[in-house]
Amino acid sequence: MANKKKDLAFEEVFKKLEEIVNQLESGQETLEKNLELFEEGIKLSKICRTKLDNADQKIKELIKKVDNSFELKDLK
């Protein structure tokens, strides 16, 4: 199942993470359920971080100069 989540788009993983945060903030779950949700949230946040790091690396590769030096640009 972990591989399934890694294959999801960043937006899908982030949406699931938002849902977990909302559940935790509601205060309506048991301690045990909150711990399960928190653990799942940590896993999802790691997946998001990996996806963001990968995207950052691709951006850096795309802006690599011909002489293999980097020219970092603000991507606004």
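Selection over region 14-72 of residues that are hydroxyl-bearing (Ser, Thr, Tyr) and not in a helix (DSSP H, G or I) gives a count of 2. For region 48-56, does any single residue satisfy the condition of being at pLDDT 95 or above and loosely packed, with under 12 Cβ neighbours inside 10 Å? Yes: one or more hits.
The values are calculated or read from the model by the stated rules, or taken from the named source; none is laboratory data. The model shown is predicted, which means the values in this text are computed figures rather than measured ones. Quick reminder, even Gly has a Cβ in these numbers, built from the backbone with ideal geometry, and neighbours come from all protein chains shown.
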